[in-house]
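Visitor: One structure follows; several queries about it will come next.
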Amino acid sequence: MDASELHEEVLIAGFGGQGVILAGKLLAQATMQAGHEVTYMPAYGAEVRGGTANCMVVISDRQIASPVVNAPNSLVICNKASLAKFAPRLKPSGLLIFNESLIHSRPTAHESVEVIGVPAEDLAKQAGSPKSANMVMLGAYLQKRGLLSPDQAAQALPDVLAERYHKMIPVNTEALRRGAESVLCHT
């Protein structure tokens, strides 16, 4: 495979109600609209709110053989339980973005892994809604990987949000931007 070819496997994880499924769906929709091949596979516990939730997104310039992500290139982790469960699966030289509003100690990882804490809850409140922490985390991921700009991702929000939530598009757009800005010092 040519080094310039895109093949990114990302796992977004947290607990039900944090919007990790929506973040993954937005990532998949936006990258598909940008012309990439994409698979998206959500998984959540029976509890939905409060139970575990995660989604696997594979983004590539070539056809994708399987939507299953066993060893992701990137992890976007929204809570401590998900960190314990998924961090050991991260590939060496991977990217680990964690919600430092809920995970108070810096995760230990292989020295080749880039670890970035994002104060997602605080930035979400500043953007206008504490519920937009998922968009903050996604914005941080997009900035680090350079796949799309926050504005490109925001353009896909009407396609993934139910119409009754379209009033939240400006808040979610601002949360994506704040997430991206929060990691600029790590670029």
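Visitor: Assign unit charges at the C-beta atoms only (+1 for Lys and Arg, -1 for Asp and Glu), then state the dipole size of the range 7-186 relative to its Cα centre in Debye, rounded to the nearest 20.
Guide: 320 debye
Visitor: Output the pairs from 125/167; 25/131; 25/125; 80/131 with a Cα-Cα distance over 20 Å in this structure; if there are none, say none.
Guide: Check vs 20 Å cut-off fails for 25/125.
Visitor: Something else now. Please list, in order, the residues from the range 10-46 whose amide nitrogen is less than 15 Å from a point placed 7 Å along the Cα→Cβ vector of residue 62.
Guide: 37-38
Visitor: Could you work out how far apart the two model spin labels at residue 166 and residue 32 are, taking each label as a point 7 Å from the Cα in the direction of the beta carbon, and quote it in nm?
Guide: Here the modelled spin labels are 2.0 nm apart.
Visitor: Based on the mean of other Cβ atoms within 10 Å per residue, sort peptides 115-122, 171-178, 159-166 so the most packed one is first.
Guide: Packing proxy ranking, top to bottom: 171-178, 115-122, 159-166.
Visitor: Hey, what did the chain get for relative contact order, percent, Cα under 8 Å, at least 6 apart?
Guide: 20 percent
Visitor: A further question on this structure: Quick check: convex hull of the Cα atoms in the chain, volume per residue, rounded to a whole Å³?
Guide: That works out to 113 Å³ per residue.
Computed from the coordinates by the stated procedures, all read-outs in this text should not be read as laboratory data. The structure displayed is predicted, hence computed values, not measured ones. For neighbour counting, all protein chains shown are included, and Cβ atoms are generated from backbone atoms with ideal geometry for every residue, glycine included.
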